[in-house]
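S.K.: Before I ask anything, let me first share the structure, which is written out below as structure tokens.
The values are calculated or read from the model by the stated rules, or taken from the named source; none is laboratory data. Given the structure is predicted, the values throughout are model-derived calculations rather than measurements. Note: ideal-geometry Cβ built from the backbone for every residue, glycine included; neighbour counts use all protein chains shown. Quick note on the areas: whole protein, heavy atoms, side chains included, nothing else; ligands and nucleic acids left out. Shrake-Rupley method; radii C 1.70, N 1.55, O 1.52, S 1.80 Å.
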There are 2 protein chains.
Amino acid sequence: MAFNDLLLRTINGEKTERPPVWFMRQAGRYMEEYRAIRKKVSFLELCKTPDLCTEVTLQPIEAFGFDNAILFSDILIPIEPMGIQLDFNPAPVIANPIRTMADADKLRELDPEKDVPFVMETVRKLVKALDVPLIGFSGAPFTLACYMVEGSGSKNFENIKTLIHTDPETYRIMMEKLTSSTLKYLQAQIDNGAHVVQMFDTWAGVVSPYDYEKYIFPYVEHIANNLKGAPLIYFAKDSFSFYDTIGKLNCAGMGVDWKATLKDADERLSKGKFVLQGNFDPVLLFGSKEAIKETAEKIIAEGKDLKGHIFNLGHGILPPTPRENVEYLVKIVKGEA
Amino acid sequence: MAFNDLLLRTINGEKTERPPVWFMRQAGRYMEEYRAIRKKVSFLELCKTPDLCTEVTLQPIEAFGFDNAILFSDILIPIEPMGIQLDFNPAPVIANPIRTMADADKLRELDPEKDVPFVMETVRKLVKALDVPLIGFSGAPFTLACYMVEGSGSKNFENIKTLIHTDPETYRIMMEKLTSSTLKYLQAQIDNGAHVVQMFDTWAGVVSPYDYEKYIFPYVEHIANNLKGAPLIYFAKDSFSFYDTIGKLNCAGMGVDWKATLKDADERLSKGKFVLQGNFDPVLLFGSKEAIKETAEKIIAEGKDLKGHIFNLGHGILPPTPRENVEYLVKIVKGEA
């Protein structure tokens, strides 16, 4: 089969016949094929076994015909070799959260080829196996820092905000190590063949605009300015109010959650500067076919006025999502339903 | 003592000497005096006992000199007499969530004087006891519907979104009952003496802009258009991306969470139309004095360019908040620190 380069043409700013389509967490628990593998291995074992990672990455491409793959892994994988004791129960739990300067001093910077060779091997295997582009990914420094400092999921992010506002120097040291590690990690994925990389800033949206600009954005900017050889998509969830700042970023694509229209997102970011990716509410996949089609068509129509549009969900697909609705939504985007 | 009318002058659009200041959940667990009362009664008992409600409502006025009181109650109190079996463990849990047309049909509309006489008695007692204005409040219809349908807190709001997108008629019937009940409930508080009312739309921000406009806003609009005798403040959390729609609302004040600057909020709503209330991140009260002052001063400075500004947190104060930082922040707003 010929290589499907629709994603690459779109992210490079070419006008394309239709938006490419993929879903965040497209390889995951909503698929029976994935659950069958997870019965045999834990989540962390799966992430560390290139053959299995390759297999689950391919599953949704074969099942639904998505226009690209995304590396199967977890954003927290690279923080383990930095010195963080990580477990999934099933939510991530960290035994040694970062709270003091001594904790931050002990963090070591990531050496991707040495520390996470299984990720690089997976990238190489995938690039060989796929006839669609591969997206590599990482967490963004602040989002990784949230996990490191909170030690688990958080409702109010008290620990990280308190750290920023009582001990900014410890925060800075941790963020600098995370930033250089993330840059190396994404660069290594590109060097091993990833065609595009995405950086997930899932928790960027918990702070004020003042704090986003001062304590989050400069680190993202450093990565965007220094990454070489493949387009970057930055995805800051719940961050529409920061899009005036985010619009200054030097990258090709922006992920948009389902909270703003693509039109409003484009205008607030910097009209026409970015290819936008999004932004179907993943929970609407529980709706009726009519409701799915109505919203998908609104999004596709707004996408036509952008520099470029990659159709995606506004966040990861949820485990109980009905498979037939995934099939249906992909067909709508492809003009087949 | 003379009546402190600073809040009333501000919400009515007069230029005032400084912003009035109050905090969402200012009567609550962060205060020792409040915890002493809660040792003796459950949360629901407290909400249903006018003498105790009056006492805890007054506590923060006496302790910190806030410029107004807010009725002590919970947004879910009026849904119990509508037919919802409600408990707090300590988060709200509902034994009979609304999922079908039969469930929605069974809901009865609220008759505030009959169904929640203890709230009205509390309002009357407070108006007599206070030398500052009293803010009454309610949940907004969609936020109440979220609790009714989800049955508890929710991460993804799957049940209510699925209801909207598979059975919009059941959703409509529930929302119409909630809307007329909320209108009556707020009107009764005004008729019993509340000087201002606030409607909390805590969960408005979970949907897409398309769904906010179609399934949430019209009900809010109906209430705003029909409420008489006191200014209304609408507070939709996490909703900056909907402010273009929200800006059409016919009301005096808008609550703003900490996610957007007051300047950006004002511009996106409808420049100069509303008095804005907010928007200090409650978690920053765990920060250093310097950090608290820096952010507070930015907010106060932005507030000066608005039609009017009521200083508040961007969401409720958290139980572990250090009392001295509350005192300090109030003093900053009053120009005493």
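S.K.: Order A:42-48, A:263-269 from most to least packed using the mean count of other Cβ atoms within 10 Å.
M.R.: Values: A:42-48: 16.1, A:263-269: 20.6.
Ranking, from highest mean packing down: A:263-269, A:42-48.
S.K.: Related question: Excluding residues fewer than 8 places away in the same chain, name every one of the aspartates and glutamates whose C-alpha is closer than 18 Å to that of B:LYS228.
M.R.: Hits, sequence-local ones excluded: B:ASP111, B:GLU113, B:ASP191.
S.K.: May I ask for the net charge around B:TRP258, where only other residues with Cβ less than 13 Å from the Cβ of B:TRP258 are counted and Lys, Arg are +1 while Asp, Glu are -1?
M.R.: Values: positive: A:LYS161, B:LYS237, B:LYS259, B:LYS298; negative: A:ASP211, A:ASP238, B:ASP238, B:ASP257, B:ASP264, B:ASP281, B:GLU302.
Net local charge, B:TRP258 excluded: -3.
S.K.: Let me ask something else. Could you work out how far helix B:217-226 tilts from the main Cα principal axis of chain B, as a 0 to 90 degree angle to the nearest 10?
M.R.: 70
S.K.: Over every pair of different alpha-carbon atoms in chain A, take the mean of 1/r and invert it; report that Kirkwood radius in Å.
M.R.: Values: mean 1/r = 0.0496 Å⁻¹.
It works out to 20.1 Å.
S.K.: Simple spin-label model, 7 Å along Cα-to-Cβ: B:ASN250 to A:LYS334 in nm?
M.R.: If labels sit at B:ASN250 and A:LYS334, their model points lie 5.0 nm apart.
S.K.: Using each residue's phi in the range B:278-285, evaluate 6.51 cos²θ - 1.76 cosθ + 1.60 at θ = phi - 60° and report the 3J(HN,Hα) Karplus result to the nearest Hz, with x for Gly and Pro.
M.R.: Values per residue, Gly and Pro as x: x, 8, 7, 4, x, 6, 5, 5 Hz.
S.K.: Averaged over its residues, how many other protein chain Cβ atoms are within 10 Å of peptide A:281-294's Cβ atoms?
M.R.: Numbers: counts 9, 3, 12, 8, 3, 8, 7, 5, 0, 2, 7, 1, 0, 2.
For peptide A:281-294, the averaged partner shielding equals 5.
S.K.: Residue-wise, which Karplus ³J(HN,Hα) couplings in Hz belong to the range B:25-34, taking 6.51 cos²θ - 1.76 cosθ + 1.60, θ = phi - 60°, and x for glycine or proline?
M.R.: For the range B:25-34, the Karplus-derived couplings read 6, 5, 9, x, 5, 6, 9, 4, 4, 5 Hz, x marking Gly and Pro.
S.K.: Next question, about the same structure. Taking a spot 7 Å from the Cα of A:LYS128 along the direction of its beta carbon, which residues of the range A:2-36 have an amide N less than 12 Å from it?
M.R.: none
S.K.: Right, another one. For B:ASN89, which inter-copy label distances result when the label point lies 7 Å beyond Cα on the Cα-to-Cβ vector, reported in nm to one decimal and in ascending order?
M.R.: From this label point to the equivalent ones elsewhere in the assembly: 2.1 nm.
S.K.: Over what distance in Å are the Cα centres of the range A:136-187 and the range A:233-257 separated?
M.R.: One Cα centre to the other: 18 Å.
S.K.: Something else now. Using a Förster radius of 30 Å, what is the FRET efficiency between B:PHE43 and B:ALA102 based on their Cβ-Cβ separation? Nearest 0.05, please.
M.R.: Numbers: r = 30 Å, r/R0 = 1.01.
The pair B:PHE43/B:ALA102 has a calculated efficiency of 0.50.
S.K.: A further question on this structure: Given the options A:THR295, A:LEU313, A:GLY193, identify the residue whose Cα lies farthest towards the positive end of the charge dipole of the range A:180-337 (+1 on Cβ of Lys, Arg; -1 on Cβ of Asp, Glu).
M.R.: Towards the positive end, the residue furthest out is A:GLY193.
S.K.: Sequence gap of 8 or more, or different chains, plus Cα separation below 20 Å: how many lysine pairs satisfy both in the range A:1-136?
M.R.: Values: A:LYS39/A:LYS48; A:LYS40/A:LYS48; A:LYS48/A:LYS114; A:LYS48/A:LYS125; A:LYS48/A:LYS128; A:LYS106/A:LYS114; A:LYS114/A:LYS125.
Lysine pairs meeting both conditions in the range A:1-136 amount to 7.
S.K.: Taking amide H positions as placed in the peptide plane 1.01 Å from N, state which residues far from A:GLN198 in sequence (5 or more) or on other chains have amide H under 5 Å from it.
M.R.: Counting only residues 5 or more places away or on other chains, the set is A:GLY136, A:PHE137, A:SER138, A:ILE233.
S.K.: Label 7 Å along Cα→Cβ of B:ASP305; the range B:235-267 residues with amide nitrogen under 20 Å?
M.R.: B:240-241, B:243-244, B:247, B:254-267
S.K.: What nm distances, shortest first, do you get from the label point of A:PRO320 to those in the other copies when the point sits 7 angstrom along Cα to Cβ?
M.R.: Spacings between copies for this position, smallest first, are 3.2 nm.
S.K.: So what J values fall out for the range B:296-309 if you push phi through Karplus, 6.51 cos²θ - 1.76 cosθ + 1.60 with θ = phi - 60°, rounded to Hz, Gly and Pro as x?
M.R.: After applying 6.51 cos²θ - 1.76 cosθ + 1.60, I find 4, 5, 4, 5, 4, 5, 5, x, 5, 8, 8, 4, x, 9 Hz.
S.K.: Considering every residue in B:314-326, what mean count of other chain Cβ atoms within 10 Å of its Cβ is obtained?
M.R.: Values: counts 1, 1, 0, 0, 3, 0, 2, 1, 0, 0, 0, 0, 0.
For this peptide, the per-residue mean of nearby foreign Cβ atoms is 1.
S.K.: Hey, another quick one. Would you please put B:157-165, B:117-125 in order of how densely packed they are, using the mean number of other Cβ atoms within 10 angstrom per residue and starting with the highest? If you can, show how the numbers build up before the last one.
M.R.: On the way: B:157-165: 22.1, B:117-125: 20.1.
Descending mean neighbour count gives B:157-165, B:117-125.
S.K.: Calculate the radius of gyration of the Cα atoms of the protein assembly as shown to one decimal place, then report Dmax, the largest Cα-Cα distance, as a whole number, both in Å.
M.R.: When restricted to the Cα atoms of the protein assembly as shown, Rg and Dmax are 25.6, 84 Å.
S.K.: Please work out the Cα center distance from the range B:39-90 to the range A:51-109, rounded to the nearest Å.
M.R.: Answer, in whole Å: 44.
S.K.: I would also like to ask the following. Let me know the charge dipole size of chain B about its Cα centre in debye, to the nearest 20, where only the beta-carbon of Lys, Arg (+1) and Asp, Glu (-1) is charged.
M.R.: On the way: 39 positive and 46 negative charges, 52 e Å.
Dipole of chain B, to the nearest 20 debye: 260 debye.
S.K.: Give the nm distances, rounded to one decimal, from A:LYS15 to the matching residue in every other copy, measuring between label points 7 Å along Cα toward the beta carbon; shortest first.
M.R.: Spelled out, the distances from A:LYS15's label point are 5.2 nm.
S.K.: Just to confirm the filter: which GluC sites (Glu not before Pro) across the range B:301-337 are DSSP coil and have at most 11 other Cβ within 10 angstrom of their Cβ? Walk me through the intermediate numbers first.
M.R.: Values: sites: B:GLU302, B:GLU324, B:GLU327, B:GLU336; in loops: B:GLU336.
Passing both the DSSP loop test and the Cβ count: B:GLU336.
S.K.: Another question, then. Relative to the first principal axis of the alpha-carbon coordinates of chain B, what is the inclination of helix B:141-150, with its axis defined by its Cα atoms, in degrees from 0 to 90 and to the nearest 10?
M.R.: Roughly 60 degrees between the two axes.
S.K.: Then there's this: Helix A:323-333 sits at what angle to the longest principal axis of chain A, using alpha carbons and giving 0 to 90 degrees rounded to 10?
M.R.: 70
S.K.: A further question on this structure: Give me a single rounded figure for A:235-241: the average over its residues of other chain Cβ atoms within 10 Å of their Cβ. List each step's numbers first, then the result.
M.R.: Working: counts 0, 0, 0, 5, 2, 10, 13.
Mean shielding by partner chains, rounded to a whole number: 4.
S.K.: Between B:TRP258, A:MET120, B:ASN96, whose Cα lies farthest towards the positive end of the dipole of the protein assembly as shown when Lys and Arg beta carbons carry +1 and Asp and Glu beta carbons carry -1, centred on the Cα centre?
M.R.: The Cα lying farthest towards the positive end belongs to B:TRP258.
S.K.: I would also like to ask the following. Taking the solvent-accessible surface of protein heavy atoms with a 1.4 Å probe, what is the per residue accessible area of chain A in Å²?
M.R.: Numbers: 12330 Å² over 337 residues.
Normalised by residue count, the accessible surface of chain A is 37 Å².
S.K.: With the crude spin-label approximation of a point 7 Å out along Cα→Cβ, what separation in nm comes out for B:ALA91 versus B:LYS114?
M.R.: 3.5
S.K.: So if R0 is 56 Å, what FRET efficiency would A:TYR210 and A:MET1 give, r being the distance between their Cβ atoms, rounded to the nearest 0.05?
M.R.: Details: r = 50 Å, r/R0 = 0.90.
It comes out at approximately 0.65.
S.K.: Now, a different point. State, in square angstrom and to the nearest 100, the accessible area buried between chains B and A, both chains counted, probe radius 1.4 Å. The partial results should precede the final answer.
M.R.: Values: alone 13890 and 13890 Å², together 24650 Å².
The summed interface area works out to 3100 Å².
S.K.: Now for a different question. Of all accessible surface on the protein assembly as shown at a 1.4 Å probe, what whole percent is carbon and sulfur? Mind showing how you got there, number by number?
M.R.: Working: 12280 of 24650 Å².
Carbon with sulfur: 50 percent of the solvent-accessible area.
S.K.: Continuing with the same structure: Within the set A:LYS273/B:LYS237; A:LYS259/B:LYS259; A:LYS214/A:LYS263; A:LYS177/A:LYS214, which residue pairs have Cα atoms separated by over 19 Å? List each step's numbers first, then the result.
M.R.: On the way: A:LYS273/B:LYS237 29 Å; A:LYS259/B:LYS259 13 Å; A:LYS214/A:LYS263 27 Å; A:LYS177/A:LYS214 17 Å.
Those over the limit are A:LYS273/B:LYS237; A:LYS214/A:LYS263.
S.K.: Next question. As a test of the formula, what do you get for chain B when each DSSP H run with n ≥ 4 contributes -39,500 (n - 2.57) and the sum is divided by the residue count, at 222 nm and rounded to the nearest 500 deg cm²/dmol? Intermediate values should be presented prior to the final figure.
M.R.: Working: 15 runs with 148 residues, N = 337.
Using -39500 (n - 2.57) per qualifying helix, the result is -13000 deg cm²/dmol.
S.K.: Also, I was wondering about something else. Under a plain spin-label model, where a point goes 7 Å from the Cα along Cα-to-Cβ, how far apart in nm are A:LYS271 and A:GLU33?
M.R.: 4.4
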